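**Q** Dumping the structure here so I can ask a few things about it.
Only the coordinates and a few stated rules stand behind these numbers; no lab work does. All figures in this text were calculated on a predicted structure; none of them were measured in a lab. No Cβ is skipped: glycine too gets one built from the backbone with ideal geometry, and neighbour counts run over all protein chains shown.
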Amino acid sequence: MSLQDSITSVASSSVPQPDKFNALQSLLTPLDNPSDLQTYVTSVLANAPSLGLVVSRPVISSYISRIVDIECSQADKEVLLRHALTALQPTLVSYEEQESVVREHLASLYESQSRSIQAATILRGIKLESGQRVISDDYRVDISVRVLRNLLEEVDTDAIKDDEDDAVPAAERILLAEDLINKTAALILKSSNAIAKLHFKLAQARVFDARKRFLEACAKYYELSHHGSEGEAGIDADDRLACLSAAVSCALLAPAGPARGRMLASLAKDERVKDPEGGLPLEHAMLDKLFFDNLLPAEDVKAYILGSRRKIPKSHLISRGAQLGEGDYEQDSVLDRAVTEHNLLAASKLYVNISFSELAELLGLGSGDAAEGYAAKMIQERRLRAVIDRVDGIIYFQGGGRGGLDEAERENLKSWDAEILGVCLQVEDVVSLIQKHYPEFVVGV
């Protein structure tokens, strides 16, 4: 009797349910040929109405354990798991838990082969909202974080590009990860899995970085750089320094202005950056220039690109996909704009006023119009205090320059102006009284 006929015979027999389960288990145990195993699961599912869910569900669970534990090549194991996944689809509503287990094992197989995109695609098929079974918040978080890790594994922000073999383009994977982060944000607060929470924060930082939300990425990397520093399980010392380096890089890339200044103040106070033996000398030098609003020469930026502990992602160094040399960055790239804005802010501390042609030369821009464009944008966004005189082609920095006024001097000047205004008003009142009581004197004058 064939295997298929034997399973049909067991299913149609009138023996008690436990005996049916034992009989099917005895048929499964000796099987080690992939073809026979596929026939087995297909036949069990075909006879599921006769067996009933009380028998078929545990039999399918046993079958999944069998194909996971069987000694065979990874290619054969992938075929078996994919066949089981396909076979379960027509009656998925009855076997959601079993299908989820198959997907988890198949994803683990792909992860072991560094096929992260396929693993993420398989895991995304797991139903985390169901009326057929109870799903805990911890399970939802674990699966979501696992999907995030796989989505971002091959979309390292060092090189966001589309690979020919990828099923999902890189930019779309970032969007999928961002959407999943938003959906999981509320659940992560309820989770008791500290490692999952850690991976979730790291995924947030990487997505913020890839999406050019640099201040948020900086804050998240800086938070991660402290994780585990007091002995609790988490990131080791080297990875904490890498996160701190990433925080400095994101501060460099963030839009110059008050918000970045506050973040820089926090980083500048960190003793790990200042420590000469801490392994972050370039980060310390860069942070000093950023925090004290010093001009950033191109050679310093190039040295930082080449030597920082955590390299700046290549996607932030290019704007039109040009081939770059070591340490180079393309004009109008994210880094180029960030450096230009920082140097414009630094210039506002050095000059009271400057022509746009001179400012363009200082910033390394091609024309005064380009310098004016940067300044106008920063003024509009309240990141630079200045006034533009377009007629004369000059920008006046408010409170800037070595000859500029500090806050106390500006307050004194305002008080002096108010006193002068008061005197002028009193003089005007006296003139009005003279005109009222001695009009002939006023006419004579």
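**Q** What does the convex hull of the Cα atoms come to per residue for the chain, in Å³?
**A** Values: hull volume 109.8 nm³, N = 445.
With only Cα atoms used, the chain gives 247 Å³ per residue.
**Q** Using a/c under 1.5 as the rounded threshold, could you call segment 171-227 rounded, prolate or oblate? The axes a ≥ b ≥ c are square roots of the C-alpha gyration tensor eigenvalues, and prolate needs a/b larger than b/c, oblate otherwise.
**A** Oblate, because a/c is 1.5 or more while a/b does not exceed b/c.
**Q** Can you tell me the FRET efficiency between ASN294 and ASP138 if r is taken as the Cβ-Cβ distance and R0 is 51 Å, rounded to the nearest 0.05?
**A** 0.55
**Q** Let me check I've understood the local charge: for GLY368, count other residues with C-beta under 12 angstrom from its C-beta, Lys and Arg +1, Asp and Glu -1. What total comes out? Please report the intermediate quantities before stating the final value.
**A** On the way: positive: ARG390; negative: GLU358, GLU361, ASP369, GLU372, ASP392.
Once all neighbours under 12 Å are counted, the net charge is -4.
**Q** Take each of the peptides 336-345, 363-372, 69-78, 266-275, average the number of other beta-carbon atoms within 10 Å over its residues, and list them starting from the highest.
**A** My ranking of the peptides, most packed first, is 336-345, 363-372, 266-275, 69-78.
**Q** Next question, about the same structure. In debye to the nearest 20, how big a dipole does segment 211-297 give about its Cα centre with +1 on each Lys and Arg Cβ and -1 on each Asp and Glu Cβ?
**A** Result for segment 211-297 is approximately 600 debye, rounded to the nearest 20.
**Q** Using a Förster radius of 41 Å, what is the FRET efficiency between ASP238 and GLN17 based on their Cβ-Cβ separation? Nearest 0.05, please. Write down the numbers at each step before the final one.
**A** On the way: r = 57 Å, r/R0 = 1.38.
After rounding, the FRET efficiency stands at 0.15.
**Q** Moving on to the next point. Normalised by the residues of segment 1-135, what does the relative contact order come to in percent, with Cα pairs under 8 Å and at least six apart? Don't jump to the answer; show the numbers that get you there.
**A** Values: 116 pairs, mean separation 27.0, N = 135.
Over segment 1-135, the number comes to 20 percent.
**Q** Something else now. Stretched out fully, how many nm does the piece from LYS190 to VAL430 gain, at 0.36 nm a residue minus the Cα gap?
**A** 79.0 nm
**Q** Something else: How long are the three semi-axes of the equivalent ellipsoid of segment 1-64, in whole Å, if each is the root of 5 times an eigenvalue of the C-alpha gyration tensor, listed from largest down? Working shown, then result.
**A** On the way: eigenvalues 57, 29, 22 Å².
Semi-axes from the Cα gyration tensor: 17, 12, 11 Å.
**Q** Please report, in debye to the nearest 20, how large the charge dipole of the chain is about its Cα centre when each Lys and Arg carries +1 at its beta carbon and each Asp and Glu carries -1 there. Present the calculation step by step, with values, prior to reporting the outcome.
**A** On the way: 48 positive and 68 negative charges, 204 e Å.
So the magnitude is around 980 debye.
**Q** How much FRET efficiency would the formula 1/(1 + (r/R0)^6) give for GLU440 and ASP417, where r is the Cβ-Cβ distance and R0 is 51 Å, rounded to 0.05?
**A** Computed FRET efficiency for GLU440 and ASP417: 0.90.
**Q** A follow-up question, please. Place +1 on the Cβ of every Lys and Arg and -1 on the Cβ of every Asp and Glu in segment 40-111, take the dipole about the Cα centre, and give the residue among SER108, LEU51, ALA75 whose Cα lies farthest towards its positive end.
**A** Working it through, the farthest residue towards the positive pole turns out to be LEU51.
**Q** Now for a different question. Just to confirm a number: summing +1 for Lys and Arg and -1 for Asp and Glu over residues other than VAL141 whose beta-carbon lies under 14 angstrom from that of VAL141, what do you get?
**A** +3
**Q** Can you give me the long-range amide H partners of ALA386? Hydrogens built in the peptide plane at 1.01 Å from N, cutoff under 5 Å, separation of 5 or more residues or another chain.
**A** Close amide H contacts, sequence-distant or interchain: GLN398.
**Q** Okay, moving on. What value, in deg cm²/dmol to 500, does the helix sum -39500 (n - 2.57) over DSSP H runs of n ≥ 4 give at 222 nm once divided by the residues of the chain?
**A** -20500 deg cm²/dmol
**Q** How much length, in nm to one decimal, is gained on full extension between GLU172 and ALA268, taken as 0.36 nm per residue of separation minus their Cα-Cα distance?
**A** So the extension gain works out to 31.0 nm.
**Q** Could you give me the ³J(HN,Hα) list for segment 372-377, computed from phi with Karplus coefficients 6.51, -1.76, 1.60 and θ = phi - 60°, whole Hz, x at Gly and Pro?
**A** Working through the residues one at a time gives 5, x, 4, 5, 4, 5 Hz.
**Q** Would you please give the residues with an amide H less than 5 Å from that of ASN353, counting only those at least 5 places away or on a separate chain, with H modeled from the backbone geometry?
**A** PHE397
**Q** If you don't mind, there's one more thing I want to ask. Which Cα, out of VAL301, ASN22, SER348, lies furthest along the positive dipole direction of the chain (beta carbon charges, K/R +1, D/E -1)?
**A** Going by the charge dipole, the pick is ASN22.
**Q** Moving on. If you plug each phi of segment 54-71 into the Karplus form 6.51 cos²θ - 1.76 cosθ + 1.60 with θ = phi - 60°, what whole-Hz ³J(HN,Hα) values come out, in order, with x for Gly and Pro?
**A** Calculated HN-Hα couplings, in order: 4, 9, 5, 4, x, 5, 5, 4, 5, 4, 4, 4, 5, 6, 6, 8, 4, 8 Hz.
**Q** If you don't mind, another one. Give me a comma-separated list of calculated 3J(HN,Hα) values for segment 37-52, in order, Karplus coefficients 6.51, -1.76, 1.60 applied at θ = phi - 60°, integers in Hz, x for any Gly or Pro.
**A** 5, 5, 4, 4, 5, 5, 5, 4, 5, 5, 9, 4, x, 6, 6, x
**Q** Counting only C-alpha contacts under 8 Å and six or more residues apart, can you give the relative contact order of the chain as a whole percent?
**A** Here the relative contact order equals 8 percent.
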